[in-house]
1. Taking the condition of being among the polar types (S, T, N, Q), surrounded by 13 or more Cβ atoms within 10 Å (Cβ to Cβ) and farther than 14 Å from Leu64 by Cα, how many residues in the stretch 18-40 meet it?
2. Does the stretch 129-137 include one or more residues that are at pLDDT 75 or above and either surrounded by 10 or more Cβ atoms within 10 Å (Cβ to Cβ) or in a loop (DSSP other than H, G, I, E, B) (or both)?
3. Of the numbered conditions (1) part of a loop (DSSP other than H, G, I, E, B); (2) at pLDDT 85 or above; (3) surrounded by 10 or more Cβ atoms within 10 Å (Cβ to Cβ), Ser62 fails exactly one; give the number of that condition.
4. Residue by residue through the stretch 3-17, note down the ones that are more than 15 Å from Leu64 (Cα to Cα) and among the charged types (D, E, K, R).
Amino acid sequence: MFGEVKIYIGSVIETKGNQIKVDILGTKTEFITYIGGFSKFNSHFIPPVVGELVMVISFLESNLYLALSLPSPNIHSDSNTEFITYDDGTKISYDANKSELNINAVKNITIICKNASITADSVDLGNSSGAGVVTTQCICPFTGSPHAQGSTKVRACL
């Protein structure tokens, strides 16, 4: 269908969306399509970065070129954990053995939704030096009645 195929290794020298120019042993390509990960289930686009190594597939009969990112060496030794590290230092990991998701954001995490629900045996907001939270379900030791003051935005069940 596509005829003869040649494969080259080169480094990205310029990017524009999913189009890249590649230096292959001193020869510079025109813009070619950079392929990210995708399937029928979802698509995932990781923008190419200048200096990144790519594999360029050349379909000679159709004059079609595609570039695929070459994987970085795995600096993590755990084969059951997926690691994502961004260039600003933010890290996301998922350990399949522990069923544990870790997010270590350098700055902010923004979650936008209609309602949020957290179900956990223990919730720690902030550093571990805080104290318990008083809700309107707590009984005041002085009056013997439920506390009248409670948040209208944050709710907790005891």
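The values are calculated or read from the model by the stated rules, or taken from the named source; none is laboratory data. Just so we're clear, the structure is a prediction, and the values are computed from it rather than from any experiment. Cβ: placed from backbone, ideal geometry, glycine included. Neighbour counts: every protein chain shown.
1. Number of matching residues: 1.
2. yes
3. Ser62 satisfies all of (1) part of a loop (DSSP other than H, G, I, E, B); (2) at pLDDT 85 or above; (3) surrounded by 10 or more Cβ atoms within 10 Å (Cβ to Cβ) except (2).
4. Correct list: Glu14, Lys16.
Conditions tested, residue by residue: (1) closer than 20 Å to Tyr34 by Cα; (2) in a loop (DSSP other than H, G, I, E, B).
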position: Ile46; (1), (2): yes, yes
position: Val54; (1), (2): yes, no
position: Pro71; (1), (2): yes, yes
position: Phe83; (1), (2): no, no
position: Ser93; (1), (2): no, no
position: Ile103; (1), (2): no, no
position: Val106; (1), (2): no, yes
position: Lys114; (1), (2): no, yes
position: Ser117; (1), (2): no, yes
